[in-house]
Structures are given as structure tokens and as C-alpha cells.
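Single-structure report; data block below.
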Amino acid sequence: MDTTNKKRCNWPKDDALYIEYHDTEWGVPVYNDAKIFEFLLLETFQAGLSWITILRKRENFRIAFNNFDYKKISNYSDDKLEELRLDEGIIRNKLKIKAAKTNAIAFIEVQKEFGTFSKYIWGFLNGNPIQNNFISCSEMPANTPLSDKISSDLKTRGFKFVGSTIVYAHMQAMGMVNDHTIDCFRYQEV
């Protein structure tokens, strides 16, 4: 991928992995339940950490969590959860590992109610991404009244590690909001 001479948001800096993520995934609307769950699981583990830490371990997470298969994760045994806690390739936080299973179960329950998780989550926006107009990354909020509302609703449905800041990061990752700065080449593309 040609990463030279392109004006982009300043947060990827010169990190090749961050640049690729920024240029190909971040802010692109995602409607596929499997991909939404992948982002949700990764955001869960991000709580209190930097996103680049999670990105660098993403493939390890993919292997450890059965390619982010929420149906399999919902059925993890206590032995499997303990095996994950010992896996040095991922974030070994016991509560976050347990939350992965809890969230997979809650994710399936939402699918049963709404048909797809995508219909549920995008329903907060009537299916249409929010187009922000930030000049600088420093203008981006950590959370919004909408992320507060979604966070609260997810919590009532049994989800864990879904505070408003994590939810807003999830909204950015899956393209519910376009937070590319207006001078970034991706702003118009997404």
C-alpha cells in the first residue's frame, strides 16, 4: 500500500500497522455481525490500554478466540477461559476474558431479539453514519450523549466493559461515526 504523500489523521504517526488500519478499516461502516463482534471483543480488551497495543496482538486474539466466533466463545468452558488467562499472546486480564464470553452470550441474545446485532446497533442511528467535521484530532470527543445511551443499553442487556468511552471507540472503529479529520484523504472516502 502506498502510504507516502497522503494527508491523513495525525494519530497513526509513522507506525505502519496503525497507518494500514487507519487507511483501510477505521471509520468504514461495518454491518456484518461477525466483524462487529470482532471489534467489540477487541474494544473490550482495549479498556485502559492503547489501541495500538490491541492491534499488535490482534492476530493472537484471532487465534485464541476461534477467529472471533461469538457462538463458540459463548460456549467456552472454565478450562478454556483459564487457558486464555495463561496465553501470553493476548491481554491476560481475567475479568476481560470472562467478559468476552459474557458479551458473546449477550450478543446472541440481541440477535434473537433484533434478527441481527447490526440492526440493533445501527438502529441507534437509523442506519446512517454520523459525519463529523473535525479539523484536528484534538476536537474528537472521548464519548458523546449517543455513546452514553448505547453504553447504558448494552449494560442493561448484560454486556461488560462497555463504558461510554469504549462504546465511542467502537462506533469510530465500525464507522458509525466518521471521525477522520476533514483534511484526511479517508474523510471523503468513508
Could you list all residues from the stretch 132-181 that are part of a loop (DSSP other than H, G, I, E, B), of a type in the set (S, T, N, Q) and touching a residue at least 40 places away in the same chain (Cβ under 8 Å)? 132, 133, 136, 181
Among the residues of the stretch 76-89, what is the count of those that are in contact (Cβ under 8 Å) with a residue 12 or more places away in the chain and open to solvent by 40 Å² or more (accessible area, probe 1.4 Å)? 2
Failed item, numbered, when residue 7 is tested on (1) in contact with a Ser or Thr (Cβ under 8 Å, 6 or more places away or on another chain); (2) under 20 Å from residue 136 (Cα atoms): (1)
Counting just the residues of the stretch 90-131 that are surrounded by fewer than 17 Cβ atoms within 10 Å (Cβ to Cβ) and in contact with a strand residue (DSSP E or B) (Cβ under 7 Å, 6 or more places away or on another chain), which one comes out nearest to residue 31 (Cα to Cα)? 130
With criteria (1) open to solvent by 50 Å² or more (accessible area, probe 1.4 Å); (2) outside any loop (DSSP other than H, G, I, E, B); (3) more than 23 Å from residue 112 (Cα to Cα); (4) in contact (Cβ under 8 Å) with a residue 60 or more places away in the chain, residue 56 comes up short on (4)
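The values are calculated or read from the model by the stated rules, or taken from the named source; none is laboratory data. Note that the structure is a prediction, hence the values are computed from the model and not measured. Using ideal geometry, Cβ is built from the backbone for each residue, glycine included, and neighbour counts are taken over all protein chains shown. For the accessible areas, the whole protein counts, side chains as well, though only heavy atoms, and no ligand, DNA or RNA atoms are used. Shrake-Rupley method; radii C 1.70, N 1.55, O 1.52, S 1.80 Å.
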